[in-house]
Amino acid sequence: ASHSGTVEHTQTVAGILQKIGLDEGYLSCGTHEPFDRQTALWLKQEGIEPSPLYNNCSGKHAGMLALAKASGYPLSGYEKIDHPVQQEIFKFIADFTAVSPEKIKI
């Protein structure tokens, strides 16, 4: 699920990445200011630029990287629709919802 970029959230994502032997440089979610106002203010006051860890989608992206690594898939391009990670997610959604893949709009 998405998160608001608090220290607890970013530490959790960093911990996931550490457990799979990667760092935030592998995240393809981009960077934006945290949604949590207090955290955003703190970063500004400290002169810290947000990293991809603060992106509200970084947890999902860390999960996709974990799947890629565990499955032996390439790490680069994991966010692209033709990557095996996305294809596995797509198949899971189709199976879970009992909707045939050709009826699912992307």
In segment 5-32, what residues are part of a loop (DSSP other than H, G, I, E, B) and either touching a Cys at 6+ places or on another chain (Cβ under 7 Å) or within 25 Å of LEU75 (Cα to Cα) (or both)? GLY5, ILE20, GLY21, LEU22, ASP23, LEU27, SER28, CYS29, GLY30, THR31, HIS32
For segment 25-48 the number of residues that are surrounded by fewer than 17 Cβ atoms within 10 Å (Cβ to Cβ), under 15 Å from the mean Cα position of the chain (by Cα) and not polar (S, T, N, Q) is 3
Looking at segment 36-69 only, could you name the residues that are over 12 Å from HIS9 (Cβ atoms), in contact with a helix residue (DSSP H, G or I) (Cβ under 9 Å, 6 or more places away or on another chain) and of a type in the set (S, T, N, Q)? SER51
Do you know which residues across segment 70-106 are of a type in the set (S, T, N, Q) and closer than 25 Å to VAL13 by Cβ? SER71, SER76, GLN86, GLN87
For segment 73-106, how many residues are assigned to a loop (DSSP other than H, G, I, E, B), of a type outside the set (S, T, N, Q) and farther than 17 Å from LEU27 by Cα? 6
When you check GLY5 against the structure, is it surrounded by fewer than 17 Cβ atoms within 10 Å (Cβ to Cβ) and modelled with pLDDT of 95 or more, yes or no? no
Looking only at segment 77-106, count how many residues are surrounded by 15 or more Cβ atoms within 10 Å (Cβ to Cβ) and among the aromatic types (Phe, Trp, Tyr). 1
Got at least one residue in segment 49-62 being open to solvent by 30 Å² or more (accessible area, probe 1.4 Å) and over 11 Å from the mean Cα position of the chain (by Cα)? yes
Quick check on my filter: what residues within segment 47-63 are farther than 17 Å from TYR78 by Cβ and part of a helix (DSSP H, G or I)? TYR54
Residues in segment 8-24 that are closer than 25 Å to ILE81 by Cα and surrounded by fewer than 15 Cβ atoms within 10 Å (Cβ to Cβ) total 2
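The values are calculated or read from the model by the stated rules, or taken from the named source; none is laboratory data. No experiment lies behind these values; they were computed from the predicted model shown. Cβ sites come from the backbone with ideal geometry, for glycine too, and all protein chains shown count toward neighbours. These accessible areas exclude ligands, DNA and RNA; they are computed on the full protein's heavy atoms, side chains included. Shrake-Rupley method; radii C 1.70, N 1.55, O 1.52, S 1.80 Å.
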